[in-house]
Amino acid sequence: MAGCYIHIPFCAQKCSYCDFHFSTDHSYQDEMVNALCRELELRAHDWKSEVFETIYFGGGTPSVLTEEQLNRIIQQVRRFYAVSETVEITLECNPDDCSPEQLQRWKELGVTRLSMGIQSFDEEQLRWMNRSHTAAESRSAVVNAKRTGFDELSLDLIYGLPNLTLEDWKNQIREIVTLNPEHISAYCLTVEDKTALSKWVAEGKIAISNVDQQSEQFELLVSELKQAGYEQYEISNFARNEHYSKHNTSYWKGMKYLGIGPSAHGYNLKERYWNKANNRVYLSELRKGNLPETMEVLSEQDRFNELVMIGLRTKWGVSKSELFATVQPEAEWFQIVKGYEQGKMLVETADSFVLTEAGRLLADAIASDLFIITNS
Ligand code: SF4
């Protein structure tokens, strides 16, 4: 069982906070699609024994692909890989790309799930973020997606924005709930290098919210969504009636995934590779028939730490059998676990270690305390 991630490195415009890999020059988009298809072909041999349960188009903005380009990539996956009959095909999309006609075409191509970047319902905040859409476009995109029959719909929001009051944030959460999506993801704004936001902060033009404000907004998010019937199954991800993202859940459960496209990562339980995050270099290497990748072999200790880091973020926690199959920790490690149990941050069940609601607020700090670090 495996997942396939395909990175589409193009966006309509650059959002002020974003450091993902993409270009706003679409002149070579078709050439990029050919290169993605070539990479799928080149990697197929190593993934022959896998059945793909999920295909995820991320980016960038995959909704900028034409119908023909998207179809070409899906057909290439089907041609070279074994794809499950119940495959989840997710497309990340921006609301301004979601016309009723476009939604219908995606449906016909077999897309089963949309992940829509709403980010905010406040027009001023949207402009500040340099998003390419308005709040009105978001609302009608959701209505149209539902009309088209997309019953797996995920909406993204961002909190921690400058001047976002708790009251504003509550209104944003309540508005997203009224749209009734099956899935909501909410991320805290972070200041990344080489973004317009980092420049504004460095110039003192903007003061981003402090950690206390961010925590307050996060706690409000968790309680409001809980009341509305959403289950927090990962720190930043909430679902109704178990409409979890199958693709992301497979990452969090430490399963294999193939990564295609510039900057994409892949993982086969033993090795991890990542492709060059440069469109021109990616294209030129693929033209020569080379994979533009860097690879590392993961040690048992790396795998242990990774299972802790990702597993603790989820409601399923870290599987003890998987964890201890990598490294058997020393007694001191179990003492640290006990300390968190006594502090009501963590629970040990028969099969796993799971964070409590209080522990989830400190997930990253707890995970790094539980990493195994040996001096080599
Ligand atoms: S649309 Fe998404 S990937 Fe593109 S710049 Fe904005 S946040 Fe980044």
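In this structure, residue 148 qualifies as assigned by TED's automatic domain parsing to the domain that holds residue 18, more than 23 Å from the chain's Cα centre (by Cα) and surrounded by 16 or more Cβ atoms within 10 Å (Cβ to Cβ). Entry remark, the stretch 348-364: residues being open to solvent by less than 80 Å² (accessible area, probe 1.4 Å), within 11 Å of residue 312 (Cα to Cα) and not polar (S, T, N, Q) number 6 in total. Does residue 280 meet the test of being outside the structural domain of residue 309 (by TED's automatic domain parsing) and not in a helix (DSSP H, G or I)? No. Away from the ligand (no atom under 12 Å from the Cβ), under 16 Å from residue 56 (Cα atoms) and modelled with pLDDT of 95 or more, is that true of residue 84? Answer is yes for this residue.
Residue-by-condition table, conditions (1) among the hydroxyl-bearing types (Ser, Thr, Tyr); (2) under 30 Å from residue 202 (Cβ atoms):
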| position | (1), (2) |
| --- | --- |
| 21 | no, yes |
| 25 | no, yes |
| 52 | no, no |
| 67 | no, no |
| 70 | no, no |
| 79 | no, no |
| 89 | no, no |
| 107 | no, no |
| 120 | yes, yes |
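For the stretch 107-116, give me each residue that is within 16 Å of the ligand (Cβ to nearest atom) and open to solvent by 10 Å² or more (accessible area, probe 1.4 Å).
Initially, the stretch 107-116 is screened for residues within 16 Å of the ligand (Cβ to nearest atom), giving 114-116.
Within the stretch 107-116, just 115 meets the criteria.
Any residue that is assigned to a loop (DSSP other than H, G, I, E, B), over 19 Å from residue 59 (Cβ atoms) and within 16 Å of the ligand (Cβ to nearest atom) - is there at least one of those in the stretch 122-138? Scanning the stretch 122-138, I find at least one residue that is assigned to a loop (DSSP other than H, G, I, E, B), over 19 Å from residue 59 (Cβ atoms) and within 16 Å of the ligand (Cβ to nearest atom), so the answer is yes.
Where in the stretch 175-271 are there helices (runs of 4 or more DSSP H), lying fully within it, with 2 or more residues that are hydrophobic (A, V, I, L, M, F, W, C)?
On the way: elements: 196-202, 211-227, 246-252.
So the answer is 196-202, 211-227.
A Cβ distance below 8 Å, combined with a sequence gap of six or more or placement on separate chains, defines the contacts here; from the stretch 12-33, residues that are under 15 Å from residue 197 (Cβ atoms) and more than 8 Å from the ligand (Cβ to nearest atom) reach residues that are of a type in the set (S, T, N, Q) and open to solvent by 30 Å² or more (accessible area, probe 1.4 Å) in the pairs 16/130. Of the listed requirements (1) within 24 Å of residue 55 (Cα to Cα); (2) open to solvent by 30 Å² or more (accessible area, probe 1.4 Å); (3) modelled with pLDDT of 95 or more; (4) under 22 Å from the mean Cα position of the chain (by Cα), residue 368 misses just one: (1). Any chance you could count how many residues in the stretch 259-271 are over 21 Å from residue 31 (Cα atoms) and buried (at least 20 other Cβ atoms within 10 Å of the Cβ)? Going through the stretch 259-271 one residue at a time, the tally reaches 2.
Determine which member of the set 74, 6 is among the β-branched types (Val, Ile, Thr), in contact with a strand residue (DSSP E or B) (Cβ under 9 Å, 6 or more places away or on another chain), within 16 Å of the ligand (Cβ to nearest atom) and at pLDDT 95 or above. So that I can check it myself, show each step before the final result.
Details: 74 fails: within 16 Å of the ligand (Cβ to nearest atom).
Exactly one residue qualifies, and that residue is 6.
Taking the conditions (1) closer than 30 Å to residue 323 by Cβ; (2) touching a helix residue (DSSP H, G or I) at 6+ places or on another chain (Cβ under 8 Å) in turn, residue 292 satisfies each one other than (1).
Please work out if residue 282 is in contact with a Gly (Cβ under 6 Å, 6 or more places away or on another chain), at pLDDT 95 or above, within 29 Å of residue 70 (Cβ to Cβ) and among the hydroxyl-bearing types (Ser, Thr, Tyr). Before you say what the answer is, go through the steps one by one.
Numbers: in contact with a Gly (Cβ under 6 Å, 6 or more places away or on another chain): no; at pLDDT 95 or above: yes; within 29 Å of residue 70 (Cβ to Cβ): yes; among the hydroxyl-bearing types (Ser, Thr, Tyr): yes.
Judged against the criteria, residue 282 is not a match.
Here is a list: 119, 104, 69. Which entry is within 16 Å of the ligand (Cβ to nearest atom), at pLDDT 95 or above and touching a helix residue (DSSP H, G or I) at 6+ places or on another chain (Cβ under 9 Å)? Checking each option against the conditions leaves just 119. Scanning the stretch 217-233 for residues that are of a type in the set (Asp, Glu) and out of contact with any helix residue (DSSP H, G or I) (no Cβ under 6 Å at 6 or more places or on another chain) yields 219, 231.
The values are calculated or read from the model by the stated rules, or taken from the named source; none is laboratory data. What you see is a predicted model, and the numbers here were worked out from it, not measured in a lab. Positions of Cβ are backbone-derived with ideal geometry, glycine not excepted, and every protein chain shown enters the neighbour counts. Protein only, heavy atoms only, side chains kept; ligands, DNA and RNA dropped before computing areas. Shrake-Rupley method; radii C 1.70, N 1.55, O 1.52, S 1.80 Å.
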